[in-house]
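Report on the following structure.
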Amino acid sequence: MGRDQRTCGTPGAVTTQGDSSTGKLAPAAFDEGPVPGLLLAWKPSDVGASDLARLQGTTTVGRSRGAEWIVRDARLSKSHFEVAGGDQGWTLRDLGSTNGTFVNGRRLGGATALQDQDVVRAGRCLFVFVTDLRPMAVAPEIEPSCHGMV
């Protein structure tokens, strides 16, 4: 399956779609309270992936079709890590990956609680956990449809 690029209304804004699945923010989500998510802050140019995922329940990140968020990085395991939400907040757990998962520079040995703006490194990619994606969707310089938010 090839990558396709969609150019959005904002000059210079391009988001890569295809080869990846991602959560979508429906307009009603803006009235429901905080919308937690993972942002793909950096990836090599040869990695196909959407730039964010809305988190609901448990989300698995990896390079296989079995993951909820597919990131086509050869250094990611098929099911590399998962983020799960519950009454106590959000946790991240490595799923036995070969290259490990790091949160704020520390390799995970088990599940760890996530805080807003925590940086996750897996494979060759950097992700940022955010407790609320909504401010990104309403920023006037960002067209929400470019980022899977509508």
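The values are calculated or read from the model by the stated rules, or taken from the named source; none is laboratory data. Keep in mind that this is a model prediction, so the values were computed, not measured. Because the Cβ atoms are built from the backbone with ideal geometry, glycine has one as well, and the counts that use them run over all protein chains shown. All accessible areas refer to the heavy atoms of the entire protein, side chains included, with ligands and DNA or RNA removed. Shrake-Rupley method; radii C 1.70, N 1.55, O 1.52, S 1.80 Å.
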task = Please work out which one of (1) outside any strand (DSSP E or B); (2) of a type in the set (S, T, N, Q); (3) touching a strand residue (DSSP E or B) at 6+ places or on another chain (Cβ under 9 Å) is the condition THR60 fails and give its number.
result = (1)
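Hey, among the residues in segment 89-126 that are assigned to a strand (DSSP E or B) and among the small types (Gly, Ala, Ser), which one's least open to solvent (accessible area, probe 1.4 Å)? Don't jump to the end; show me each part of the working.
Step one: list which residues in segment 89-126 are assigned to a strand (DSSP E or B), which gives 89-94, 101-103, 106-107, 112-113, 119-122, 125-126.
From what's left, among the small types (Gly, Ala, Ser): 89, 113, 122.
Values: GLY89: 30, ALA113: 62, ALA122: 1 Å².
Here the residue is ALA122.
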message = Please go through (1) under 18 Å from PRO135 (Cβ atoms); (2) open to solvent by 20 Å² or more (accessible area, probe 1.4 Å); (3) of a type in the set (Gly, Ala, Ser) for GLY37 and return the number of the only condition it doesn't satisfy.
response = (2)
key: Qualifying positions in segment 50-75 - open to solvent by less than 60 Å² (accessible area, probe 1.4 Å) and of a type in the set (S, T, N, Q)   = SER50, THR59, THR60, SER64
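Pick from LYS78, LYS43: which is closer than 20 Å to GLY123 by Cα, crowded, with 16+ Cβ neighbours inside 10 Å and in contact with a strand residue (DSSP E or B) (Cβ under 9 Å, 6 or more places away or on another chain)?
Just one listed residue meets the conditions, LYS43.
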inquiry  = Just the residues that are under 16 Å from CYS125 (Cα atoms) and among the β-branched types (Val, Ile, Thr), please, taken from segment 84-114.
reply    = THR98, THR101, VAL103
